[in-house]
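The next block holds one structure in the form of structure tokens; read it before the comments.
FYI, it's all coordinate maths here, none of it is from the lab. Everything quoted here is computed from the prediction, not taken from an experiment.
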Amino acid sequence: MRGLLFAVATACVGAPAFAQDLGPLPFPVERGSALPPPAVASTRAPPPEGEGSGGLEFGQWRQVSAEYGVAFQARVRERYAGQEADAVRTNLEANGFVCQDGQRLDCRIEIVESGCAFDWYVVIERNRRDPIAGFDRVCLSGGRNN
């Protein structure tokens, strides 16, 4: 048995007989080209509980229940129904959202408070009339996730 292991180890040290040149790698190797990490979300001010400065109703989000995300989406859809994306963006930014406009309008508020991450988002896709809105809460330890 030791002889067999020695023979296998000796064969592995040299180039294996079945090795072949596979050509260039299918993915470019660009070491050190990763994007920088995103800015810390907790530096943003949280939205108010109740009506925001631009008139959007945030509700009592600190004592959130499972139904909060559905209610937030309904309020957003009702408020921005039939409006142009530019007008929606202006109003969402007045309410504290940060927006990016690429293939779609994507607006978010992301904060960290008391060990929980909160994320409000509103998305308007170019081929849809109604905005998609939602709310997520993730607590690291000791909090409730909804």
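Over the range 44-139, what is the relative contact order in percent, taking alpha-carbon pairs closer than 8 angstrom and at least six residues apart?
About 25 percent, as a whole number.
Pop out the ³J(HN,Hα) list for the range 73-90 in order, Karplus 6.51 cos²θ - 1.76 cosθ + 1.60 with θ = phi - 60°, rounded to Hz; leave Gly and Pro as x.
Once θ is set to phi - 60°, the couplings for the range 73-90 become 4, 5, 5, 5, 4, 5, 5, 9, 4, x, 8, 6, 4, 5, 5, 5, 4, 4 Hz.
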